Every structure is written in structure tokens, then in C-alpha cells.
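Peer 1: My questions all concern the structure below.
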Amino acid sequence: KGADISWMPQMEAKGYYWLNKSGVRQDLFTILKSYGLTAISLRTWVNPSNSPTDGHCSIQETVRMAQRCRDAGMQVLLGFHFGDTWNSVGVQKPPKAWANMSYTQMRDALRKYVDDSLKLMKAGGVTPGWVKIGNEQNSGICT
């Protein structure tokens, strides 16, 4: 069992906290584990804003979250959206920095971004259990 809690750092920065089923404040990882979850899905965006609804999830923030998952004894699924915000069915906007690239340039940028991101994960002491290339990319990636 798993859950996507990519917004957790943003929510914590705004003062959110979690209560267990008894109404006692508790670490979210502890609560999730008590329900049998063993894996966390984390998404990463290329150049996200700090917007409260469409921001966050930079690779640096994602590595810090992955370390928290590791420390809680949970596996990580790392999902690359290849955008600066949400990419999902029918919406696959490339990052603004890649928008005017040729196919070859964008392919190279994708490869470099994944490679650099995985190196950051490794440097942070995290090996994802799974890596997901794209998100709901029925229409393609960066189209």
C-alpha cells in the first residue's frame, strides 16, 4: 500500500499537522504505517514555483522528502512529471526552459534531468524502489 504525500513539506510550512485515529498529533509517516502503508509516491517538477497550489516538488525538496521516507522505513516511488507543474492526461506541458527546444535538445534535457536527479537521490542516500517516467502521459511527454 502506498500514498502520494508530495505536498507534505508545503503543508507543514503552513502549520498543518496530522492527528492519528485517536485524535493525538503524530508524525504522518507513523500514521500511514499504522494503516499498513509501506511506500510513498513523490513527484518532482523541473522548475516549480512557490505557488501554494501549483508549486513546490523541486528535486531538492523531493530528495529531502525521500530521505524522510527512508528514515521512516518506507520505500519511494519517484515520479518525473517533466514540467514545472502538473502534467496529467491530455496536459503534458514541457518546462518553460525547454519549450523552444528541438526534439533532440529536449530529449537530451530529459536525459540530463533524470540523470542529475538520480545522482542527487544517491548523494542523499536514497535509492528509489521505483521510478516513473512521466505522469499519465497518454498523449506523450512534453507535447
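The values are calculated or read from the model by the stated rules, or taken from the named source; none is laboratory data. These numbers were taken from a predicted model, which means no experiment stands behind them. Cβ coordinates were reconstructed from backbone atoms using ideal geometry, including for glycine residues, and neighbour counts include every protein chain displayed. Side chains are part of the model used for accessible areas, which takes the heavy atoms of the whole protein and leaves out ligands, DNA and RNA. Shrake-Rupley method; radii C 1.70, N 1.55, O 1.52, S 1.80 Å.
Peer 1: Regarding region 31-40, can at least one residue be identified that is under 27 Å from Gln92 (Cβ atoms) and open to solvent by less than 40 Å² (accessible area, probe 1.4 Å)?
Peer 2: Residues of region 31-40 under 27 Å from Gln92 (Cβ atoms): 39-40.
Then drop every residue that is not open to solvent by less than 40 Å² (accessible area, probe 1.4 Å), which leaves 39-40.
Within region 31-40, one or more residues are under 27 Å from Gln92 (Cβ atoms) and open to solvent by less than 40 Å² (accessible area, probe 1.4 Å).
Peer 1: Scan region 117-139 for residues that are open to solvent by 60 Å² or more (accessible area, probe 1.4 Å) and at pLDDT 90 or above and jot them down.
Peer 2: Listed by number, the residues that qualify are Leu118, Lys119, Leu120, Lys122, Ala123, Thr127, Trp130, Val131, Lys132.
Peer 1: If you don't mind, another one. Filter region 70-89 down to the residues that are modelled with pLDDT of 85 or more and more than 20 Å from Asp116 (Cβ to Cβ), then identify the one that is surrounded by the fewest Cβ atoms within 10 Å (Cβ to Cβ).
Peer 2: If we take residues in region 70-89 being modelled with pLDDT of 85 or more and more than 20 Å from Asp116 (Cβ to Cβ), then Gly73 is surrounded by the fewest Cβ atoms within 10 Å (Cβ to Cβ).
Peer 1: Checking Arg111 against (1) modelled with pLDDT of 95 or more; (2) open to solvent by less than 70 Å² (accessible area, probe 1.4 Å); (3) farther than 15 Å from Ser6 by Cα, only one condition comes out false. Which one?
Peer 2: Single failed check for Arg111: (2).
Peer 1: Let me ask something else. Of the residues Ala97, Ala66, only one is surrounded by fewer than 17 Cβ atoms within 10 Å (Cβ to Cβ) and touching a residue at least 12 places away in the same chain (Cβ under 8 Å); which? So that I can check it myself, show each step before the final result.
Peer 2: Values: Ala66 fails: surrounded by fewer than 17 Cβ atoms within 10 Å (Cβ to Cβ).
On inspection, the qualifying residue turns out to be Ala97.
Peer 1: When you look at Gly90, is it in contact with a Lys or Arg (Cβ under 7 Å, 6 or more places away or on another chain) and not acidic (Asp, Glu), yes or no?
Peer 2: Working: in contact with a Lys or Arg (Cβ under 7 Å, 6 or more places away or on another chain): no; not acidic (Asp, Glu): yes.
So Gly90 fails the test.
Peer 1: Another question about this same structure. Look at region 3-30 and say how many of its residues are at pLDDT 90 or above, open to solvent by less than 30 Å² (accessible area, probe 1.4 Å) and within 25 Å of Pro94 (Cα to Cα).
Peer 2: 3
Peer 1: Right, another one. With the requirement that a residue be under 13 Å from Ile59 (Cβ atoms) and either in a loop (DSSP other than H, G, I, E, B) or polar (S, T, N, Q) (or both), what does region 93-131 give you?
Peer 2: Pro95, Ser117, Gly124, Val126, Pro128 - these are the residues of region 93-131 that are under 13 Å from Ile59 (Cβ atoms) and either in a loop (DSSP other than H, G, I, E, B) or polar (S, T, N, Q) (or both).
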